[in-house]
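Encoded as structure tokens, the structure appears first; notes follow it.
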């Protein structure tokens, strides 16, 4: 009976490890395998290094993918692809909407920064007004 607590403690630790580490890792691995299996020529792909391009060729025997990055053709190992996005054959309106939304947010942020300068900018302006540079040059 004194070992029952120890055994129960070890079972609880194993269950925690399974649900916090092993199970999420298996889900990520399954999602990665599904993405690899679903890749097609013409899909947009992003490598683990951050390079964006369109899949131009998939070589199953060599396990490589050829990406066309705006006219530059590069060959990568399939495992170097971090994520892919399916392209719409009729022109991807969703992708254009995402890009325009990002540009709109960026322009709004720029306008907000121009209308409301940060405290650092105000401090610099105060400092500039309080210092007379001609006094320093005379000395």
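Each value in this text was obtained by applying a stated rule to the coordinates, not by laboratory testing. Since the structure is predicted, the reported quantities are computational estimates derived from the model, not experimental observations. Neighbour counts run over all protein chains shown; Cβ positions are idealised from the backbone, glycine included.
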Discussion item. Can you give me the distance in nm between label points at residue 64 and residue 32, each placed 7 Å from the Cα along the Cα-to-Cβ direction?
Written reply: 2.2 nm
Item to complete: Relative to the compact-globule scaling 2.2 N^0.38 Å, provide the ratio for the alpha-carbon radius of gyration of the stretch 39-87.
Response: 0.97
Practice prompt. For a quick protection proxy, order the peptides 64-76, 28-40 by their average other-Cβ count within 10 Å, most packed first.
Written response: 64-76, 28-40
Fill in: For the stretch 1-74, Kirkwood radius (reciprocal of mean inverse C-alpha pair distance, Å)
15.7 Å
